[in-house]
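Asks: Pasting a structure here, questions to come.
The values are calculated or read from the model by the stated rules, or taken from the named source; none is laboratory data. Nothing here was measured: the structure is a model prediction, and the numbers come from that model. Here the Cβ positions follow ideal geometry from the backbone for every residue, glycine too, while neighbour counts run over all protein chains shown. Heads up: the accessible areas ignore ligands, DNA and RNA and are worked out on the full protein's heavy atoms, side chains in. Shrake-Rupley method; radii C 1.70, N 1.55, O 1.52, S 1.80 Å.
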Number of protein chains: 2
Amino acid sequence: MPFENLSCQKSFGGWLKRYRHRSRTLDCDMTFAVYLPPQAELGGRLPVLYWLSGLTCTDENFMQKAGAQRVAAELGLVLVAPDTSPRGPDVPGDPDGAWDFGHGAGFYLNATQAPWARQYRMHDYVVEELPALVEASFPVSDARGISGHSMGGHGALVCALRNPGRYRSVSAFAPIANPMNCPWGEKAFSRYLGEERTRWREWDATMLIADAQEKLPILVDQGDRDDFLNTQLKPEALETAARAAGHPLTLRLQPGYDHSYYFIASFIEDHLRHHAAALGT
Amino acid sequence: MPFENLSCQKSFGGWLKRYRHRSRTLDCDMTFAVYLPPQAELGGRLPVLYWLSGLTCTDENFMQKAGAQRVAAELGLVLVAPDTSPRGPDVPGDPDGAWDFGHGAGFYLNATQAPWARQYRMHDYVVEELPALVEASFPVSDARGISGHSMGGHGALVCALRNPGRYRSVSAFAPIANPMNCPWGEKAFSRYLGEERTRWREWDATMLIADAQEKLPILVDQGDRDDFLNTQLKPEALETAARAAGHPLTLRLQPGYDHSYYFIASFIEDHLRHHAAALGT
């Protein structure tokens, strides 16, 4: 395999494995995690759910905290979790050391502005390079779903909306639904993409949904006690755009839940079943 | 309530709450976590499972990684997770800054040697002070179970074996089964209890089981790829002692599993059901 195995741990009868590889797209070493359910040893090819994490996360948070392996083991679903940005001493980060830009905050787009444009190409990494590696190395099919949380929930929506035919299912937890119009998104987009806001539209799910060629049903869960709901996340903008476009969106406002992995863990089973139904496990 | 609420997060329809309080037993501020399942709002009193974590852990690891809340919410079981030692600038730690003694490594015993004896009294804290606080403050009954991992798995066994009538159920994941005869235990016991090894017997589950007045059935899960199995954990010593004493012990060697929370998460449901059956949820 064109990568180095970092760890291998049994989980719900399957195996959680972490790898390091040299990414051509990002020009740096990247880690990612793969959960292979017990069915991976039976000789067939399994569908894959890609999980994109939020700001500050790595490939580890989801596998440690979401409790997804239990359901993936039941459904025969492979889980793949990449890191959230290029990293390393040769990768430029936030000039002020902030946590909402740069390392851990790649926003799953392809940057166009120096010094970010050379390595901050997480969209191409997540949509092209990583699946090619996974599909060449593990017993998986080309049936792909994508989901994520916060920055990664938005990333999942954008990956699906920009690439018709590439995914069979999509969902998100508390996505930054309209990043053009929130502080996290404005900071990231102005640096990664430049100050010309018309260029931002092609990386904003609420803008993309208006013209989506493929109308994959979207499942979104959002806690109503999420501290970021009104300032950063704005799911109502996505809902309005989806309704105008006739794009099927199920937005569930979950009473009492916040932005944490306790929220994700409470509803991950519903999301995995949503994906499994479309992926044909 | 005689403590300060640090956080409150919805999880599987219930609430995970963290608190800080001044412990009289330990003479320092302590944090603990309580998971209240949805049934806690129905007016009755629920049984409690106490969880004792392993070396280096705090009250947070179990709640973040074990996935126990899902099953506790189904069964109507309250979960309580204390910290693993007294802590703070006024609490002496390991003189060499090691992670296997002192802060995060209280071994759930009552120390007898200076300078540890004054504050390292985790047994009394876990068995007496914390339940008294919990039972005065939350809608819980006096039906108590106890479980834990590694150092905390052993702690759970010792708490149950030393206190007949206090718990209705006990289990452990990868306990340090015979600490008198392993490096972690020898280091801790020689400092907390002094060099006289006969005094160690009253804090070693494998020794205590020989004379246990109450024979609560014990469930133990142990991974067979646990790096600490042969040097530190030694479940076969406990098994031999239990057999000799006619003490009911189910020791399950789980093939492929290691010492991590991925192992715990894979089998926590079985443990919660073991406790719930005895606690009458």
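Asks: Of all the accessible heavy-atom surface of the protein assembly as shown, with the other protein chains kept in place and a 1.4 Å probe, what percent is carbon and sulfur?
Replies: Within the protein assembly as shown, the accessible surface is 47 percent carbon and sulfur.
Asks: While we're here: By the scheme Lys and Arg +1, Asp and Glu -1, what is the net charge of all other residues having a beta-carbon under 15 Å from that of residue B:196?
Replies: Numbers: positive: B:191, B:197, B:199, B:201; negative: B:186, B:195, B:202, B:204.
Once positives and negatives cancel, what remains is 0.
Asks: Here is a further query. From the backbone phi of the stretch A:26-33, what are the Karplus-calculated ³J(HN,Hα) couplings (6.51 cos²θ - 1.76 cosθ + 1.60, θ = phi - 60°) in whole Hz, Gly and Pro given as x?
Replies: Values, residue by residue: 9, 6, 7, 6, 10, 10, 8, 10 Hz.
Asks: Here's something else I'd like to know. Compactness ratio of the stretch B:125-281: Cα Rg over 2.2 N^0.38 Å, N = residue count?
Replies: 1.02
Asks: Cα gyration tensor of the stretch A:200-256, axes a ≥ b ≥ c as square roots of the eigenvalues: rounded (a/c below 1.5), prolate (a/b > b/c) or oblate?
Replies: In terms of gyration-tensor shape, oblate.
Asks: With a 1.4 Å probe and every protein chain left in place, work out the accessible area per residue of the protein assembly as shown in Å², rounded to a whole number.
Replies: 36 Å²
Asks: Now for a separate question. Can you pull the one-decimal nm distance between simple spin-label points at residue A:251 and residue A:96, each 7 Å off the Cα toward Cβ?
Replies: 3.0 nm
Asks: Moving to a separate point now. Please work out the C-alpha center-to-center distance from the stretch B:166-230 to the stretch A:227-262 and express it in whole Å.
Replies: Spelled out, the Cα-based centre of one part sits 50 Å from the other.
Asks: For residue A:224 and residue B:6, what does the FRET efficiency come to when R0 = 22 Å and r is the distance between their Cβ atoms, rounded to the nearest 0.05? Don't skip to the end; give the middle numbers.
Replies: On the way: r = 22 Å, r/R0 = 0.99.
For residue A:224 and residue B:6, the calculated efficiency is 0.50.
Asks: A further question on this structure: Do the sum for chain A: with -39,500 (n - 2.57) for every DSSP H run of n ≥ 4, divided by all residues, what is the mean residue ellipticity at 222 nm, to the nearest 500 deg cm²/dmol?
Replies: Helix contribution divided over all residues of chain A: -8000 deg cm²/dmol.
Asks: Something else: Run the 1.4 Å probe and let me know the accessible area of residue A:112, rounded to the nearest 10 Å².
Replies: 80 Å²
Asks: Could you go through the stretch A:147-163 in sequence order and give the Karplus-derived ³J(HN,Hα) for each residue, using 6.51 cos²θ - 1.76 cosθ + 1.60 with θ = phi - 60°, rounded to whole Hz, and x for Gly and Pro?
Replies: In residue order, the calculated couplings are 8, x, 10, 6, 3, x, x, 5, x, 5, 4, 5, 4, 6, 5, 7, 10 Hz.
Asks: Now, a different point. May I have the pair-distance distribution P(r) for chain B, computed from all Cα-Cα distances with 5 Å bins from 0 and rounded to whole percent?
Replies: Using 5 Å bins, I get a P(r) of 1, 6, 14, 18, 20, 18, 13, 7, 2, 0, 0 for chain B.
Asks: Mind grabbing the interface size between A and B? I mean buried accessible area, both sides, 1.4 Å probe, in Å² to the nearest hundred.
Replies: 2000 Å²
Asks: Another question, then. Put simply, what bits of the stretch A:59-73 lose 40 Å² or more of accessible area when the other protein chains are there, versus the chain on its own (1.4 Å probe)?
Replies: A:64, A:65, A:70
Asks: Hey, could you get me the Stokes-Einstein D for the protein assembly as shown, Kirkwood radius over alpha-carbon pairs, 20 °C and 1.002 mPa s, rounded to whole µm² s⁻¹?
Replies: The estimated diffusion coefficient comes to 86 µm²/s.
Asks: Taking only the alpha carbons of the stretch B:120-200, what extent do you get along each of the three principal axes, in Å, biggest first?
Replies: Sorted largest first, the three principal extents are 42, 23, 18 Å.
Asks: Apply the Karplus parameterisation 6.51 cos²θ - 1.76 cosθ + 1.60, with θ equal to phi minus 60°, to every residue of the stretch B:223-233 and state each ³J(HN,Hα) to the nearest whole Hz, in sequence, with x for glycine and proline.
Replies: Along the stretch B:223-233, the couplings run x, 8, 10, 6, 4, 9, 3, 7, 8, 10, 8 Hz.
Asks: Another question about this same structure. Among the aspartates and glutamates, select those whose C-alpha is under 15 Å from the C-alpha of residue B:187, and discard any that sit fewer than 8 residues away in the same chain.
Replies: Straight-distance partners of residue B:187: B:94, B:96, B:100, B:195, B:196, B:204.
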